[in-house]
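Notes for the one structure printed next.
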Amino acid sequence: MRRGILMMEAMVGLAVLSFILASSVIFAAVVSRSNLEVRREAAAVQALSNLAERIRARPEIVPSPGGMTAVELPIEIAERYPGLTLQMSAREFPDRPDLRRVRLAANLKNDVGGDRQTVVDLIVRVEAKKP
Amino acid sequence: MSRRRGFTLVELLAVMALMTALAGFFVKLLIETMRWGAQQALSVRLTEQSFRLSDVMREDVHQAGTVTVQDGALVIRMADGSTVRYFLDPEKSRLRRSAADSVVQAAWWPCRAARWTVSSDGLVEGRLELFFEGTGRVFTSVPLVIEAAGPRGNALAQ
């Protein structure tokens, strides 16, 4: 009659246990990372809203047509969300010299899933160029 | 040779110690998972609250006649003569919004620091630190910068 368990049985049991534990840790890490991504996306949307408000108050910061400008983030946001950058570019309307089509882009650098970009388009009234 | 009919005390103690250690590990894992879940939930709520605060504050500023900063509070005077104030209640760590005819139901946010500036071109900027504190070691905070174009800002084409 057997008086114990085989080494093989014990090892199989340990392997199953380790697999379950490792799966839970990986699952937790994946969910945590996705939650962090959601927060970074939210920060990007906030930064874009802030930039739109800034343009509304200061249309002179709109770059000249064809140009692209990097926009500096507030220090606390830049420190909290590294990898988040803002850009702004502008295009002309052919028949409306007082208007610009402005594109705001928030770029999120991601270590795993590749970079992501959130874009907002605005139509901004600027001072018409005098001939 | 006679067969053993049970376990020795040492064997029993060893098994009990092992089972206790395993049970302790799983309980710890469960507690940490629950704490982590609570932290994530707080974090999501904080994000919602920060968006809500931004929306409410921007709406106020957009409707403003004048915007000033008085004693660390943001004072927004509407065109109809009513006044909306955003001020920090340091004792309760809350940012409060007070208005005579407030339609905003829960007009406060958990906040530890708030600094407002109004520039000459009408751009209003708020730098805040929102936070949530749950039970135990569950805690989360987020820096929030809100910019809003004041009465003079009207560059966006209608």
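A short reminder: the numbers here are calculations on the coordinates, not readings from a lab. It should be emphasised that the depicted structure is a prediction, and the values quoted were computed from it without experimental measurement. Virtual Cβ from ideal backbone geometry, glycine too; neighbours counted across all protein chains shown.
Assorted remarks:
- Net charge of the neighbourhood of residue B:87, taken over other residues with C-beta under 11 Å away and scored Lys/Arg +1, Asp/Glu -1, is +2.
- For chain A, the Kirkwood estimate of hydrodynamic radius, built from reciprocal distances between every pair of different alpha carbons, is 18.6 Å.
- Cβ-Cβ FRET estimate between residue B:52 and residue B:8, R0 fixed at 51 Å, reported to 0.05: 0.20
- From the Kirkwood radius over Cα pairs of chain B, Stokes-Einstein at 25 °C and 0.890 mPa s returns a whole-number translational diffusion coefficient of 127 µm²/s.
- Modelled this way, with points 7 Å down the Cα-to-C-beta line, the labels at residue A:30 and residue B:26 are 2.3 nm from one another.
- Computed from the C-beta positions of residue A:15 and residue A:110, the FRET efficiency with R₀ = 35 Å rounds to 0.55.
- Each of B:131, B:38, B:8 was scored by the projection of its Cα onto the charge dipole of the protein assembly as shown, and the greatest displacement toward the positive side belongs to B:8; charges sit on the C-beta of Lys, Arg, Asp and Glu.
- Local electrostatic count at residue A:93 - Lys and Arg +1, Asp and Glu -1, tallied over other residues with Cβ under 11 Å: +2
- Note on the protein assembly as shown: semi-axes of the ellipsoid equivalent to its C-alpha gyration tensor, largest first and rounded to whole Å, are 57, 26, 11.
- Residue among A:63, A:110, A:31 farthest towards the positive dipole end of chain A, charges placed on Cβ: A:31
- Using C-alpha pairs under 8 Å with a sequence gap of at least 6, the mean separation divided by the residue count of region B:21-133 gives a relative contact order of 18 percent.
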